[in-house]
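Trainee: Take this structure, written in structure tokens, and hold onto it; I'll ask about it next.
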Amino acid sequence: MSSRGEGAGAAQGGRRPAGALEAEVMAALWASGAPMTARQVQEALGEGLAYKTVLTVLGRLHVKGLLDREPVGRAHAYCPRRGPAQTAAQQMNEALSRGPSRTEVLHHFVENLDPDEQAALRELLGPGE
């Protein structure tokens, strides 16, 4: 029996969007506030995911440099290297680098911010920026 497509994200007729399971795993680890084994992550997700699926995702996140791991008995405990805001900022920076022009991508990004977010960005940039 395959574990592909199981869980809440797949229950509505298909696979999860790319990266969705990784995001769910990261959210569980951030919510925990402490290192977790693959079994603990599997239980926290509570979606009927196969243990091997969770272990594979944790391994990929570790290889990508998003998680640290430490031996705990015969298993490993995983914890995020950065907080959620730092991780999102890193992903935004990577997205900027993939665009045709960082300035053009930033322009379109800022255009889609609501007025409060634009004001927060101006404040972060400081006067005259």
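The values are calculated or read from the model by the stated rules, or taken from the named source; none is laboratory data. Since the structure is predicted, the reported quantities are computational estimates derived from the model, not experimental observations. All Cβ positions, even for glycine, are placed from backbone atoms using ideal geometry, and neighbour counts span all protein chains on display.
Trainee: Checking V25 against (1) part of a helix (DSSP H, G or I); (2) surrounded by fewer than 19 Cβ atoms within 10 Å (Cβ to Cβ), only one condition comes out false. Which one?
Mentor: The number of the failed condition is (2).
Trainee: Taking L45 and the conditions (1) on the phi < 0 side of the Ramachandran plot; (2) in contact with an Asp or Glu (Cβ under 7 Å, 6 or more places away or on another chain); (3) exposed (fewer than 15 other Cβ atoms within 10 Å of the Cβ), which numbered condition does it fall short on, given that it satisfies the others?
Mentor: With respect to (1) on the phi < 0 side of the Ramachandran plot; (2) in contact with an Asp or Glu (Cβ under 7 Å, 6 or more places away or on another chain); (3) exposed (fewer than 15 other Cβ atoms within 10 Å of the Cβ), L45 is out only on (3).
Trainee: What's the total number of residues in segment 10-22 that are surrounded by 15 or more Cβ atoms within 10 Å (Cβ to Cβ) and either outside any helix (DSSP H, G or I) or among the acidic types (D, E) (or both)?
Mentor: 3
Trainee: Does V63 qualify as being exposed (fewer than 12 other Cβ atoms within 10 Å of the Cβ), closer than 20 Å to R16 by Cβ and at pLDDT 95 or above?
Mentor: Spelling it out, V63 is indeed exposed (fewer than 12 other Cβ atoms within 10 Å of the Cβ), closer than 20 Å to R16 by Cβ and at pLDDT 95 or above.
Trainee: Of the conditions (1) in a helix (DSSP H, G or I); (2) over 15 Å from A28 (Cβ atoms); (3) of a type outside the set (D, E), Q42 fails just one. Which one is it?
Mentor: (2)
Trainee: Tell me which of these E104 doesn't satisfy, since it passes every other one: (1) in the same structural domain as G33 (by TED's automatic domain parsing); (2) surrounded by 10 or more Cβ atoms within 10 Å (Cβ to Cβ).
Mentor: Failed condition: (1).
Trainee: Take the residues in segment 32-53 that are of a type in the set (A, V, I, L, M, F, W, C) and more than 18 Å from P71 (Cα to Cα), then tell me which one is modelled with the lowest pLDDT.
Mentor: The initial filter retains those residues of segment 32-53 that are of a type in the set (A, V, I, L, M, F, W, C), namely 34, 36, 38, 41, 44-45, 49-50.
From the residues that got through so far, the ones that are more than 18 Å from P71 (Cα to Cα) too are 44-45, 49-50.
Values: A44: 96, L45: 94, L49: 89, A50: 92.
Only one residue fits best here, namely L49.
Trainee: Let me ask another. Kindly provide the set of residues from segment 92-107 that are within 23 Å of the chain's Cα centre (by Cα) and not small (G, A, S), ordered by number.
Mentor: If the condition is that a residue be within 23 Å of the chain's Cα centre (by Cα) and not small (G, A, S), then M92, N93, E94, L96, R98, R102, V105, L106 are the ones that fit.
Trainee: For segment 99-109, does any single residue satisfy the condition of being out of contact with any Lys or Arg (no Cβ under 6 Å at 6 or more places or on another chain) and acidic (D, E)?
Mentor: Kept after step one, since they are out of contact with any Lys or Arg (no Cβ under 6 Å at 6 or more places or on another chain), are these residues of segment 99-109: 99-109.
Of the ones still in play, those that are also acidic (D, E) are 104.
Yes; the residues of segment 99-109 include at least one that is out of contact with any Lys or Arg (no Cβ under 6 Å at 6 or more places or on another chain) and acidic (D, E).
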